[in-house]
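Asker: One structure is given below, represented as structure tokens, and several questions about it will come after.
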């Protein structure tokens, strides 16, 4: 399935029995903002899932700011939200898609393929004059059963081993400034994992917040990857969220999405023995 849904496409599907719309709005600096925004107005029929509470697991100080959720708990929450094997899920947020992309990645990690991100998200929905509701949809429990595909994920130990014997290339989705350790406010250490390349996730978007056309993304990403095959790339960011946005962009471009280092920089820099680089990325 094409990974993006336009506003007009979603409007035509409103009310379809298999459709599950998920509001993933979130603000890192104000974790309560997403739920408050949902309650004040959302796409009709949408349910809300919280990045910290639903789409991430508990932190222990060493596993990053948004560790992957426990699979059994995640499946139970998705089932309670009305998501089943036959559901068509469309996720959206108001920040260009990174939080919606996290859900997109998680569902595909669990083997659910009928999932999309709303292109342009909430701002595009409002700009189109599409309907808005404050009604809370009734609970729709399903019997979802799913297992995670751990081949899509790499660990900190694998990243550390890769420094000695390179088997894959890391692509960091954070801003160029944070990549070189400038203006770091989210994590205690600035910089990046040695050898990583940089592709700021916001560069996947047009000025209006929608994704660039697939052909444009293809050309840009081939420039970022150079000689690296897309399927061998491991994506990371600060906490494993915006890295999913880069994987979504690769899907829009028609390329393999590689794997995810879910702990990302926030996990990596929590170990003082892990090496850190502040070198700028090479020109490509």
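Asker: I need the full set of residues from segment 125-145 which are assigned to a helix (DSSP H, G or I) and touching a helix residue (DSSP H, G or I) at 6+ places or on another chain (Cβ under 9 Å), in order please. It would help to see each step written out before you state the result.
Answerer: Keep residues of segment 125-145 that are assigned to a helix (DSSP H, G or I), which gives 125-127.
Residues satisfying the conditions are 125, 127.
Asker: Answer yes or no as to whether residue 240 is surrounded by fewer than 24 Cβ atoms within 10 Å (Cβ to Cβ), on the phi > 0 side of the Ramachandran plot and touching a residue at least 12 places away in the same chain (Cβ under 8 Å).
Answerer: Working: surrounded by fewer than 24 Cβ atoms within 10 Å (Cβ to Cβ): no; on the phi > 0 side of the Ramachandran plot: yes; touching a residue at least 12 places away in the same chain (Cβ under 8 Å): yes.
No, not satisfied.
Asker: Follow-up. Scan 236, 257 and give me the residue that is touching a helix residue (DSSP H, G or I) at 6+ places or on another chain (Cβ under 6 Å) and more than 20 Å from residue 179 (Cα to Cα).
Answerer: Details: 236 fails: more than 20 Å from residue 179 (Cα to Cα).
Testing whether each residue is touching a helix residue (DSSP H, G or I) at 6+ places or on another chain (Cβ under 6 Å) and more than 20 Å from residue 179 (Cα to Cα) leaves just 257.
Asker: Among the numbered conditions (1) in a loop (DSSP other than H, G, I, E, B); (2) out of contact with any helix residue (DSSP H, G or I) (no Cβ under 6 Å at 6 or more places or on another chain), tell me where residue 148 comes up short.
Answerer: (2)
Asker: Continuing with this model, one more query. Within segment 97-105, identify whether any single residue is in the same structural domain as residue 36 (by TED's automatic domain parsing), over 30 Å from residue 62 (Cβ atoms), at pLDDT 95 or above and within 19 Å of the chain's Cα centre (by Cα), and answer yes or no.
Answerer: Looking for residues that are in the same structural domain as residue 36 (by TED's automatic domain parsing), over 30 Å from residue 62 (Cβ atoms), at pLDDT 95 or above and within 19 Å of the chain's Cα centre (by Cα), one finds none in segment 97-105, hence no.
Asker: Among 82, 121, which is the only one that is touching a strand residue (DSSP E or B) at 6+ places or on another chain (Cβ under 8 Å) and over 28 Å from residue 204 (Cα atoms)? Give the derivation first.
Answerer: On the way: 121 fails: over 28 Å from residue 204 (Cα atoms).
Of 82, 121, the one residue that is touching a strand residue (DSSP E or B) at 6+ places or on another chain (Cβ under 8 Å) and over 28 Å from residue 204 (Cα atoms) is 82.
Asker: Being buried (at least 18 other Cβ atoms within 10 Å of the Cβ) and modelled with pLDDT under 95 is the filter; apply it to segment 154-189 and report the residue that is nearest to the chain's Cα centre (by Cα). Give the steps one after another, and end with the answer.
Answerer: If we filter segment 154-189 for residues that are buried (at least 18 other Cβ atoms within 10 Å of the Cβ), which is where we start, we get 154, 156, 159, 162, 168-175, 178-180, 184, 187.
Adding the requirement that they be modelled with pLDDT under 95 leaves 184, 187.
Numbers: 184: 20, 187: 19 Å.
For segment 154-189, the residue satisfying everything is 187.
Asker: Select from segment 17-34 the residues that are touching a strand residue (DSSP E or B) at 6+ places or on another chain (Cβ under 9 Å) and closer than 15 Å to residue 95 by Cβ and write down the one among them that is surrounded by the most Cβ atoms within 10 Å (Cβ to Cβ).
Answerer: Narrowing segment 17-34 to residues touching a strand residue (DSSP E or B) at 6+ places or on another chain (Cβ under 9 Å): 18-25, 34.
Those still in the list that are closer than 15 Å to residue 95 by Cβ too: 22-25, 34.
Details: 22: 28, 23: 27, 24: 30, 25: 23, 34: 23.
Residue satisfying both the conditions and the ranking: 24.
The values are calculated or read from the model by the stated rules, or taken from the named source; none is laboratory data. Values in this document were obtained by computation on a predicted structure and should not be read as measured data. Please note: Cβ atoms are built from the backbone with ideal geometry, for glycine as well, and neighbour counts cover all protein chains shown.
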